[in-house]
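The values are calculated or read from the model by the stated rules, or taken from the named source; none is laboratory data. Everything numeric in this text was worked out from a predicted model, so none of it was measured. Neighbour counts are summed over all protein chains in view; Cβ atoms, including those assigned to glycine, are modelled from backbone coordinates with ideal geometry. All accessible areas refer to the heavy atoms of the entire protein, side chains included, with ligands and DNA or RNA removed. Shrake-Rupley method; radii C 1.70, N 1.55, O 1.52, S 1.80 Å.
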Amino acid sequence: MLRELKARIPDFSLLELRLLKIGARFEQEIEGVETYFKQPEGQVLKIVEDNTGTYLLQLQAQDGGFVILEERSVSDPFPISLQLTQEYGIRRILKKRRRLYHFRQYTIDMSLIDDVGDFIILVSETPMEADMEQILGMSDPEYIRVPFSEL
């Protein structure tokens, strides 16, 4: 099961240079919109619409990060979005640009979110804070323990 570990980044362009210097490989850039639905604390339910497609994503807070419980492709987001809006209500809609890299066992997601900030997300089966600190080149980064919709 994949997990996420997130931290705020002060300057994404400097981090990109650092990623290339340590041997990370750029994969792709994705632009899109994420619709977060109201959920109990520690749970995330969202529809992601971007230039790679549309999918439903469900996450659960665990051990200071998030576990991806479900990720499935959605061919027509309108009926699902309507149903989830009626059932839960919309918490927030975020516009996001993601720059994806691969490094060791990690997918590194640099998420640049309008009106929220810039973040790095380490995705793997066991993301480690020590690895995050090495990748960032800093000790004690500002870890994000809540969904982006709550920032």
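What is the log10 of I(q)/I(0) for the chain, computed with the Debye formula using one identical point scatterer on each Cα and no solvent, at q = 0.12, 0.14, 0.20 Å⁻¹? Log10 I(q)/I(0), no solvent term: -0.49, -0.67, -1.36. Among rounded, prolate and oblate, which fits the stretch 60-117 when a ≥ b ≥ c are the square roots of the eigenvalues of its C-alpha gyration tensor, a/c under 1.5 means rounded, and a/b larger than b/c means prolate? Because a/c hits 1.5 or more and a/b exceeds b/c, the stretch 60-117 counts as prolate.
Expressed as a whole percent, the accessible area of the stretch 60-151 that falls on carbon and sulfur atoms is 46 (1.4 Å probe).
Amide hydrogen proximity for VAL146: with H placed 1.01 Å from N in the peptide plane, no residue at 5 or more positions away or on another chain lies under 5 Å. Of the GluC sites (Glu not before Pro) in the stretch 105-151, the ones in a loop by DSSP (not H, G, I, E or B) with at most 13 other beta carbons within 10 Å are GLU125, GLU142. Report the longest stretch of the chain that contains none of the trypsin sites (Lys or Arg not before Pro) sitting in a DSSP loop with at most 15 other Cβ atoms within 10 Å. After excluding every exposed loop site, the longest remaining stretch is 39-103. Going by accessible surface with a 1.4 Å probe and the largest first, SER73, SER81 read SER73, SER81. Distance from the Cα centroid of the stretch 85-145 to that of the stretch 30-65 is 12 Å (rounded to whole angstrom). Only protein heavy atoms count here; under a 1.4 Å probe, VAL123 has an accessible surface of about 20 Å².
Solvent-accessible surface (1.4 Å probe) assigned to THR107 amounts to roughly 60 Å². Here's the picture: a label point sits 7 Å out from the Cα of GLU29 along the beta-carbon direction, and within the stretch 112-150 the residues with their amide nitrogen under 20 Å of it are 112-121.
Sequence-distant contacts, meaning Cα pairs under 8 Å at least 6 residues apart, place the relative contact order of the chain at 33 percent. Values of log10 I(q)/I(0) for the stretch 69-151 across q = 0.27 Å⁻¹ run -1.40, by the Debye formula with one identical scatterer at each alpha carbon and no solvent. Can you find, among ILE22, ILE121, PHE103, the residue farthest towards the positive end of the dipole of the stretch 4-127? Put +1 on the C-beta of Lys and Arg, -1 on that of Asp and Glu. Selected residue: ILE22. In whole angstrom, the stretch 1-75 maps to an equivalent ellipsoid with semi-axes of 25, 18, 12, each derived as √(5λ) from the alpha carbon gyration tensor and ordered largest first.
Take the Cβ atoms of HIS102 and LYS38, set R0 to 41 Å, and the FRET efficiency comes out at 0.75. Ranked by solvent-accessible area (1.4 Å probe, protein heavy atoms only, all chains present), the residues MET128, MET138, MET1 order from largest to smallest as MET1, MET128, MET138. Less than 5 angstrom separates the built amide H of VAL74 from those of THR54, TYR55, LEU56, all sequence-distant by 5 or more or on a different chain. Using heavy atoms of the protein chains and a probe of 1.4 Å, the accessible area assigned to ILE9 is about 10 Å².
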